[in-house]
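Working notes for the structure below.
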Amino acid sequence: MSFLLPLALLAGCTVGPSDRPDIVVNDGGQEVAPQTTPGQPGPAALPPLTEPKDATIRWSTCGPEVLDGFTVPANVHVDCGKVTGVLDSPYAPGRGTVRLQVLRAGTGPIPLVVVNDVDGLPGTWYAAKLAATLPPEVLARFSLVGLDRRGTGNSDPVRCVPDDVRAAIVDADPRALDVDGLVDQARSAGQQCSITLERRLPAIDTWRTTADLDALRVALGMDKLHAIGHGEGSRVLTAYADRFPTNVGRTVLDGVPDPNQDAVVALEGVAAALDATFSAFADDCAQRNCELGTNARQALSEILNRAAGTPLSTGDTDLTPGLILRAVQRGLTDRDTWPTLAKAMAAARSGDPKPLLDLVSPVVLETDDTPATFDATLVTRCNDTKSRLSTEALTAAAKDWNTRYPLFGALVSEWLAICSPWPVPTQPVPQATAPTAPPFVVIGTATDPVTPLSGTEHAAQQLTSAAMITWSGTAHGALGNSPCIATAVQTYLLNGTTPHDGTVCPA
């Protein structure tokens, strides 16, 4: 049972407090200067903030099916609604619909749509969590509207991978480098998803999710879509800007995947980023005198080796090396969960697997109301990328990454194999340039295990008009972690002032 994330590369690691100024600007940094092509229209001006008109969405109290397993922050008011999107499968264009769950966090008059990673928290939950961390001035003007992307959360779910096939993929020890076995299971998963989803299968992707965002914009009564993207969710917003350029409003991208369409290039630095994040976690653990002692890396090795011999069992589920690595990967993504991760690892080392299984269970276990995130992640990611490698190339990458990044290299390489049996998509994610969109704010984090800095920088360089600011910290995304970043985003959203390109915020 696996937690599989779209990740990219690392650039630097800064952990702990800093006595540097609140904002440091790189020498030579300048305001973002949009590049234009002679004879072509340039980027639009940042649009003014206007309140909704003729909204059709109906807000009501959130039901337990939406909030089951999630505690709404005490200082955040939430309500819920539904939006209908067009299925728009290439096999049935314009036929069929998809029901989408949305949640409004806060009472500000202007909607600010929030899009999260497809394999992270549901967008509804993430919006409520993010709202609790933003400056009150932002929430006085905006309400955050989280969207559960098609196939995820409480939107029409994707449930297509049989339990035994999902378990075979995610339970196996990635370090065994059984590429042939993984490809066989991935082929079974793809076949079953094709049978179960039929015409829906190719409609679960980033390109068609952009149409859901535009349907949400219309339902909210907005002429422009003001939005925040987190991690892989940022890629949805860049694709939206290419597809619906005249509808783009004020847009913040908090970490962006590397846009390179060669999956090997885009993912090559993922294991390095995870390894660096684990090192930061281990240092933090030692400084706090946590349950793992002074050598968290050795503790993880002990847990993995024990599980490889005799998996720890809760009665229903075994804690295998594959699950352990995925649980740790999930725990590393949110700095706030590091103490929980340390306790869970210590419990596993003592023979109690349940806390680690609790960390990874949303990925692999489904309930009546909520699908396992693995299925929607599998379909979305394989529909988004056109890279398909031979068995020889897959094996070579797995061996190479496992050698250079012995903790997470083999795990990261699995995504290359999992998508290899799938048909090449008709609409892979474009390398967005958004030539006529207003200026974006792109946020990079020095050590981000999900959307590392080098990939975010690459994405920002491709956007025609983007101001890049960087947080010198360790986490998946800087919003909610850095007051300095929050101030820059507040100024952009409220005042329409694009931050100085090259701004660096201390850890």
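The values are calculated or read from the model by the stated rules, or taken from the named source; none is laboratory data. Keep in mind the model is a prediction, meaning the values are calculated, not measured. Cβ atoms come from the backbone with ideal geometry, glycine included; neighbour counts cover every protein chain shown. Side chains are part of the model used for accessible areas, which takes the heavy atoms of the whole protein and leaves out ligands, DNA and RNA. Shrake-Rupley method; radii C 1.70, N 1.55, O 1.52, S 1.80 Å.
Here are a few things to note about the model shown:
- Rolling a 1.4 Å probe over the protein heavy atoms leaves Tyr405 with an accessible area of roughly 40 Å².
- With DNA, RNA and ligands ignored, accessible area of Asp178 (1.4 Å probe; Å², nearest 10): 100
- Anisotropy class of region 141-292 from Cα gyration tensor, a/c 1.5 cut: oblate
- Taking a ≥ b ≥ c as the square roots of the eigenvalues of the Cα gyration tensor, region 298-442 is prolate, since a/c reaches 1.5 or more and a/b is larger than b/c.
- Region 262-323 shape via C-alpha gyration tensor axes, a/c threshold 1.5: oblate
- Applying the Karplus relation 6.51 cos²θ - 1.76 cosθ + 1.60 with θ = phi - 60° to region 463-470 yields 3J(HN,Hα) values of 6, 4, 9, 8, 9, 9, 10, 10 Hz, where x marks Gly and Pro.
- Amide H contacts of Val248 (H built 1.01 Å from N, under 5 Å, at least 5 apart or other chain): Leu225
- For region 208-319, the Kirkwood hydrodynamic radius comes to 18.1 Å, computed from all pairs of different C-alpha atoms.
- Counted residue by residue at 0.36 nm each, then reduced by the alpha carbon distance between them, the extension gain from Gln298 to Asp368 reaches 21.3 nm.
- Using a Förster distance of 25 Å, the FRET efficiency for Lys343-Asn305 (Cβ separation, nearest 0.05): 0.75
- When each of the peptides 394-403, 318-327 is scored by how many other beta carbons lie within 10 Å of its residues on average, the order from highest to lowest is 318-327, 394-403.
- Computed [θ] at 222 nm, deg cm²/dmol, the chain (DSSP H ≥ 4; -39,500 (n - 2.57); rounded to nearest 500): -12500 deg cm²/dmol
- Along each principal axis, taking the top coordinate minus the bottom one, the Cα set of the chain gives 61, 58, 48 Å in descending order.
- Solvent-accessible surface (1.4 angstrom probe) belonging to Arg99, in square angstrom, nearest 10: 80
- In this structure the chain gives 38 Å² per residue of accessible area when probed at 1.4 Å with all protein chains present.
- When the listed pairs Lys82/Lys386; Lys343/Lys399; Lys82/Lys224; Lys82/Lys129; Lys53/Lys386 are checked against a 29 Å cut-off, the alpha-carbon distance exceeds it for Lys82/Lys386; Lys343/Lys399; Lys53/Lys386.
- Helix runs (DSSP H) in the chain reaching 27 Å along axis by Cα, Kyte-Doolittle at least 0.0: none
- Cβ-defined net charge surrounding Val179, 15 Å radius [Lys, Arg +1; Asp, Glu -1]: -3
- Mean Cα-pair separation over length for the chain, i.e. relative contact order, pairs under 8 Å, 6 or more apart, %: 26
- Shown for the chain: the carbon plus sulfur share of the solvent-accessible area, taken with all protein chains present and a 1.4 angstrom probe, equals 50%.
- The chain - share of DSSP beta bridges that are antiparallel (%, nearest 5): 40
- Long-range tail of P(r) for region 60-176 (Cα pairs > 20 Å, %): 50
- Extended-chain gain in nm, criterion 0.36 nm per residue less alpha-carbon gap, Leu494 and Ala176: 109.3 nm
- Taking region 213-317 and dividing mean pair separation by its residue count, relative contact order in percent (alpha carbons under 8 Å, at least six apart): 17
- Highest mean packing comes first when the peptides 255-264, 188-197 are listed by Cβ atoms within 10 Å, giving 255-264, 188-197.
- Set of region 434-451 residues, backbone N closer than 19 Å to the point 7 Å along the Cα-Cβ line of Gln287: 445-449
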